[in-house]
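The values are calculated or read from the model by the stated rules, or taken from the named source; none is laboratory data. As the structure is a computational prediction, the values presented were derived from the model and not from experiment. Cβ coordinates were reconstructed from backbone atoms using ideal geometry, including for glycine residues, and neighbour counts include every protein chain displayed. When the accessible area is computed, the model is the full protein with side chains, heavy atoms only, and any ligands, DNA or RNA have been set aside. Shrake-Rupley method; radii C 1.70, N 1.55, O 1.52, S 1.80 Å.
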Amino acid sequence: MPDFADFTLPAFDLAEWRAAFPLAVAGIIVWSLWIYRCVLSARARPIENDFTTTTSVVVPSYHEDPDILMRCVANWRAQSPTEIIIVLDVADTEAFARLEAIGDPSIRPVLFQHAGKRSALGVGIRMATSEVLVLVDSDTQWEPGLLLAVQRPFLDPEVGGVSTQQNVYEARSSVWRRIANWMVNLRYHNYVPAMGRAGAVACVSGRTAAYRRSAVLPVLENLENEFFLGRRCIAGDDGRLTWLVLASGFTTVHQSSAKALSMFPDSFRAFVKQRVRWSRNSYRCYLTAVYKGWLWRTPFVTKVTVLQILFTPVTMGVTIGYLVFSRLELTTHGALLAGAWLLAGRGIRGFSHLYRNPQDIVLLPLLTLVVILVALPIKLYAFLTMNKQGWLTRSETTVGGEGQDQASLERRRARSTPSPAAEPTMSAAGATR
């Protein structure tokens with residue numbers, strides 16, 4: 001029989017508990033907000049009804065790879081929109097000729113001297129004649145049924161904008177596309193549906209976004225001519241238009257049954273450039289929303305999501321700094337424990353993606369490093385340079401986005417296709433059986 005007289009509880013170290021208290025409180029807050037959003041997102045459902053109307057697909061296209069553009073045009077055309085307006089740069093003569101050669105009167109290509117994506121959007125929107133505008137990137141295509149699904153929410157006259165469910169086109173063609181697809185999945189399974197359910201998606205992504213035309217026309221001038229700290233804004237059109245529509249009294253919702261696929265970079269260099277641009281856009285957009293008071297009129301879930309995005313470098317930096325400098329023993333055991341803690345946290349947060357793509361568990365260590373990279377150095381650099389305007393992954397001397405052209409897909413296919421010399425002959429194959 002055990003001698004309970006010899007049993008003693010571990011010593012209670014008040015100083016140790018006080019030191020761990022800040023991290024514990026921060027952890028409780030962050031995880032509670034994450035669970036709150038996940039529950040709201042899980043309860044969100046696509047809007048179902050029989051509403052249809054006229055649709056104008058508006059596509060700003062700047063030096064897009066013609067092969068990619070033509071593939072996407074065929075994809076949009078198959079869903080029978082009322083019209084497809086493609087605003088090409090004046091130098092994109094090959095794409096213009098190929099579009100004209102289709103001979104479809106519903107496809108309306110126009111050559112225009114681009115002064116940024118917003119200027120091209122303005123041209124296309126003013127040409128549009130339909131009740132619903134579907135703004136689409138030139139390298140994005142749709143899953144079957146997107147166009148019908150994206151019209152459903154507009155039965156409600158208060159809906160001004162509709163967000164679509166998005167993923168990476170041929171995500172398995174590059175490790176960086178797989179990482180991007182994981183991050184996009186978390187956004188569209190754990191974050192956007194919660195805000196959409198509340199009627200205030202903070203950024204209706206421009207890769208494919210639908211708007212009520214009557215909600216856009218009154219604010220179009222403010223989209224085209226936004227200035228931030230004295231400089232004209234070039235990128236960030238989707239966030240800007242979202243907040244202009246919200247500030248006008250409309251709601252922005254999410255339609256998970258409308259699914260789009262976009263080209264993403266296949267290289268680390270282009271991946272970083274894209275994240276820098278997106279982070280700069282977010283800071284300009286959300287700081288403007290805070291300054292003008294727009295943010296404070298939105299539902300709680302949108303407020304807290306935007307504030308978390310703005311303060312990500314602070315919260316991530318403080319947490320990791322506290323762990324490293326105050327709680328972590330500088331030993332192999334301590335480093336392994338910290339690494340396991342980071343991987344476990346990221347794995348739990350990535351459950352919605354891993355449930356659908358269990359094979360991506362092997363990328364968990366890389367994803368964890370990328371999340372830290374984006375949250376700290378990239379977002380900090382973007383904050384310090386937020387008023388530096390530019391697209392970064394597209395230029396007047398290149399065709400297609402950096403790491404996003406047709407060649408980037410063909411390289412992958414070439415690597416994955418065995419050469420004739422490597423294929424066994426019939427007799428050799430028989431001999432090996």
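I need the helices (runs of 4 or more DSSP H) fully contained in the range 56-170, keeping only those with at least 2 residues that are of a type in the set (A, V, I, L, M, F, W, C) and over 23 Å from Tyr188 (Cβ atoms).
It comes to 66-77, 93-102, 117-127.
Taking the stated definitions as given, is Ala270 crowded, with 17+ Cβ neighbours inside 10 Å and either over 18 Å from the mean Cα position of the chain (by Cα) or within 22 Å of Leu135 (Cβ to Cβ) (or both)?
no
Looking at Lys292, Lys273, which is the one that is under 20 Å from Lys388 (Cβ atoms) and basic (Lys, Arg)?
When all the criteria are applied, what remains is Lys273.
Among the numbered criteria (1) open to solvent by 30 Å² or more (accessible area, probe 1.4 Å); (2) free of Cβ contacts under 8 Å to residues at least 60 places away in the same chain, which one does Trp243 miss?
(1)
Working carefully through the options Leu373, Leu363, Leu367, Leu392, find the one that is more than 15 Å from Asn185 (Cα to Cα) and part of a helix (DSSP H, G or I).
Leu373
Is it true that Arg197 is at pLDDT 95 or above and either closer than 25 Å to Arg269 by Cβ or open to solvent by less than 10 Å² (accessible area, probe 1.4 Å) (or both)?
no
Could you tell me which numbered condition Tyr211 fails, if it satisfies all but one of (1) more than 12 Å from the chain's Cα centre (by Cα); (2) in a loop (DSSP other than H, G, I, E, B)?
If we test Tyr211 against (1) more than 12 Å from the chain's Cα centre (by Cα); (2) in a loop (DSSP other than H, G, I, E, B), just (2) comes out false.
Being among the small types (Gly, Ala, Ser) and more than 12 Å from the chain's Cα centre (by Cα) is the filter here; which residues of the range 148-201 pass it?
Ala149, Gly160, Gly161, Ala171, Ser173, Ser174, Ala194, Gly196, Ala198, Gly199, Ala200
Every residue, every condition in (1) part of a loop (DSSP other than H, G, I, E, B); (2) in contact with a Lys or Arg (Cβ under 6 Å, 6 or more places away or on another chain); (3) open to solvent by less than 40 Å² (accessible area, probe 1.4 Å), yes or no:
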position	(1), (2), (3)
Glu221	no, no, no
Gly239	no, no, yes
His254	no, no, yes
Ser279	no, yes, yes
Ser282	no, no, yes
Trp296	no, no, no
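Can you name the residue in the range 63-100 that is over 20 Å from Thr53 (Cβ atoms) and small (Gly, Ala, Ser) and, of all such residues, is modelled with the lowest pLDDT?
Looking at the filtered set, the residue picked out is Ala91.
What about Asn181, is it open to solvent by 10 Å² or more (accessible area, probe 1.4 Å), among the polar types (S, T, N, Q) and in a helix (DSSP H, G or I)?
Considered against the rule, which asks whether it is open to solvent by 10 Å² or more (accessible area, probe 1.4 Å), among the polar types (S, T, N, Q) and in a helix (DSSP H, G or I), Asn181 comes out as yes.
Go over the candidates Gly145, Gly103, Gly161, Gly124 one by one and state the one that is in contact with a helix residue (DSSP H, G or I) (Cβ under 9 Å, 6 or more places away or on another chain), at pLDDT 95 or above and not acidic (Asp, Glu).
So the residue among Gly145, Gly103, Gly161, Gly124 that is in contact with a helix residue (DSSP H, G or I) (Cβ under 9 Å, 6 or more places away or on another chain), at pLDDT 95 or above and not acidic (Asp, Glu) is Gly161.
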